[in-house]
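S.K.: Quick one: the structure is below, questions incoming.
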Amino acid sequence: MFDSIPDALKVLQSRLKEHRDSGNMELQNGDHGYASSPSNIALIKYWGKEDKLLQIPLNNSLSLTLGGFRTHTQVRVLGRFLPHGHETSARPFSHKFALKNEDGIEIENIISDKMIKFLDAILFPFAPEISLSVQSQNFFPTGCGIASSASGYAALVGAIADLLQIKRIFNREEQHYWITQWARLGSGSATRSGMLGDDDLFVCWERILENGEVKLTTTEKIKHHPLWDRNLCHWVVVLDKTPKEVSSSQGHLLSKNTPLQIVRLAQIQQSYQTLKKAIEEFNFSVVAQLSEQDAFAMHAVMQSSQPAARYLTTPVAQFISHFVSFRNRNNLNCFWTLDAGPNVHLVALKNAESSVEHFLDDYMGLENSAPINIYKNKFQQNCLLLGRS
Ligand code: PMV
């Protein structure tokens, strides 16, 4: 699963090994690292992989960073570095994982095979004898429809970066590459949660063509107009808590067998470029229109896959229809988007905030609507934070 990693990442991994070999990196039982990472919501979605091993997406994607919905992670060393010449590739301990919800209650304590392989892939080249105990906590309500894999993998990689003190070894550009590329290999959308700057409000994940082939991807912030800052509101509206029948990793693969994916991909690059420009120029209506269009396009692909991944359920469709009529009637600066779950994300400018909240209050009071929960995001610290400051 993690056999194929980008060459530039291998170079950075061997620099870590040199650092250890020269006696400049010591890891002892109990040493720890910490990071917290924001989640993100894609406006142009990543759906479908060109290369499963290298985790290369079929299209460029672009997201809004959700600084108020974060995962905090601490990694603690189990074992220790052995003296030079006595290194061994046998790990005396195994990796461990525990996840808490925002109330501090443990909701998971079994480590997945995928995470074990992921940790091994990062550590093996230079720290084969140590294992990690990973403790994570999601600071957003469980089941609120925020993908915890994006903030989760970014915070995990960040905590390992803090443990290894990569700031002392790599320059800022290298740190950025090491973190975003490792996070991407854990979960594609996690790469957009691994940014180091607090002004990284909009982030793009792009495929880089080399001799006509895509072997590389980059993750960068998008230049945005200053009027976006402190002018955005975001809510997650949870309409359906039934567990997903199709996971996003299955869904990426299934998207290959529907012709609608070809239709979606044929125009996506143009939408992507137009969206980038609209973000730079603060053109809210274009951002709204393209975001809704791509959400529909991705869900059309999902619904026509075999088997179908149906996240656009009846309560979701009804909600969207009410929201859009209300928005259009009142000419408001707000739009919806939907990821791989039956929970709608609403994004608005401040001048539409109170109208959207009235709409949500009224919707909750509607007789025939399913019970819903609403979570409001506070856009704070839109970056990965390394260490406890
Ligand atoms: O990162 P993954 O493999 O869980 O895929 C995420 C896919 C979407 O959330 C639906 C879209 C996106 O770009 O985040």
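S.K.: I need the chymotrypsin sites (Phe, Trp or Tyr not before Pro) found in region 49-156, filtered to DSSP loop residues with at most 16 other beta carbons within 10 Å of theirs.
M.R.: Here the chymotrypsin sites (Phe, Trp or Tyr not before Pro) that fit, given the DSSP loop and packing criteria, are F93.
S.K.: Would you mind counting up the charge near L360? Only other residues with Cβ under 15 Å from its Cβ, with Lys and Arg at +1 and Asp and Glu at -1.
M.R.: Charge balance near L360 sits at -2.
S.K.: State in Å² the accessible area per residue of the chain; use a 1.4 Å probe, count heavy atoms of protein chains only, and round to the nearest integer.
M.R.: 45 Å²
S.K.: Evaluate the Debye formula for region 2-224 with equal point scatterers sitting on the alpha carbons, no solvent, and hand back log10 of I(q)/I(0) at q = 0.08 Å⁻¹, in q order, two decimals.
M.R.: Taken in order of the listed q values, log10 I(q)/I(0) reads -0.28.
S.K.: With each run of n ≥ 4 DSSP H residues scored as -39500 (n - 2.57), what mean residue ellipticity at 222 nm is computed for the chain after dividing by its residue count and rounding to the nearest 500 deg cm²/dmol?
M.R.: Calculated at 222 nm, the ellipticity per residue is -11500 deg cm²/dmol.
S.K.: What is the chain's relative contact order, in percent, from Cα pairs under 8 angstrom and six or more apart in sequence?
M.R.: 23 percent
S.K.: Using the crude model of +1 on Lys and Arg Cβ and -1 on Asp and Glu Cβ, and no other charge, please compute the dipole size for region 2-224 relative to its Cα centre, in debye to 20.
M.R.: 100 debye
S.K.: With a 1.4 Å probe and every protein chain kept in, tell me what percent of the accessible surface of the chain is carbon plus sulfur.
M.R.: The value for the chain is 51 percent carbon and sulfur by accessible area.
S.K.: Right, something else. Pick out which of A155, A308, A90 has the largest mean-square fluctuation in a Gaussian network model of the chain, springs linking Cα atoms closer than 10 Å.
M.R.: Of A155, A308, A90, the most mobile in the Gaussian network model is A90.
S.K.: Please identify, among S291, S354, S131, the residue showing maximal mean-square fluctuation in a Gaussian network model of the chain using a 10 angstrom Cα cutoff.
M.R.: Evaluated over the chain, the most mobile residue of the options is S354.
S.K.: For R15 and N171, compute 0.36 nm times the residue count separating them, minus their Cα-Cα distance, and round to one decimal in nm.
M.R.: Result: 54.9 nm gained on full extension.
S.K.: Additional query: Express as a percent, rounded to the nearest 5, the fraction of DSSP beta bridges in the chain (both residues included) that run antiparallel.
M.R.: 90 percent
S.K.: Can you give the accessible area of C233, probe radius 1.4 Å, in Å² rounded to 10?
M.R.: Answer for C233: close to 0 Å² accessible.
S.K.: Where Lys and Arg each count +1 and Asp and Glu each count -1, what net charge lies around V134 among other residues with Cβ under 9 Å from its Cβ?
M.R.: It works out to a net charge of +2.
S.K.: Moving on. Probe 1.4 Å, all protein chains in place: accessible area of H84 in Å², nearest 10?
M.R.: The accessible area comes out at roughly 140 Å².
S.K.: Only loop residues by DSSP count here, and only those with at most 10 other Cβ atoms within 10 Å; note down the chymotrypsin sites (Phe, Trp or Tyr not before Pro) in region 13-52 that meet that.
M.R.: Filter output for region 13-52: empty list.
S.K.: Then there's this: If you build a Gaussian network model of the chain, linking Cα atoms that sit under 10 Å apart, which residue out of D51, D113, D31 swings the most?
M.R.: D113
S.K.: Right, something else. Give the whole-number value, in cubic angstrom per residue, of the convex hull volume spanned by the C-alpha atoms of the chain.
M.R.: 142 Å³
S.K.: Taking trypsin sites (Lys or Arg not before Pro) that fall in a DSSP loop and have at most 16 other Cβ atoms within 10 Å as cut points, what is the longest piece of the chain between them?
M.R.: Answer - 81-222.
S.K.: Please state the charge dipole magnitude for region 244-372, taken about the Cα centre, from unit charges on C-beta atoms (+1 on K and R, -1 on D and E), reported in debye and rounded to the nearest 20.
M.R.: Here the size comes out at about 460 debye.
S.K.: Assign unit charges at the C-beta atoms only (+1 for Lys and Arg, -1 for Asp and Glu), then state the dipole size of region 29-134 relative to its Cα centre in Debye, rounded to the nearest 20.
M.R.: 120 debye
The values are calculated or read from the model by the stated rules, or taken from the named source; none is laboratory data. All values reported here derive from a predicted model rather than from experimental measurement. Cβ: placed from backbone, ideal geometry, glycine included. Neighbour counts: every protein chain shown. What goes into the accessible areas is simple: the full protein's heavy atoms, side chains included, and nothing from ligands, DNA or RNA. Shrake-Rupley method; radii C 1.70, N 1.55, O 1.52, S 1.80 Å.
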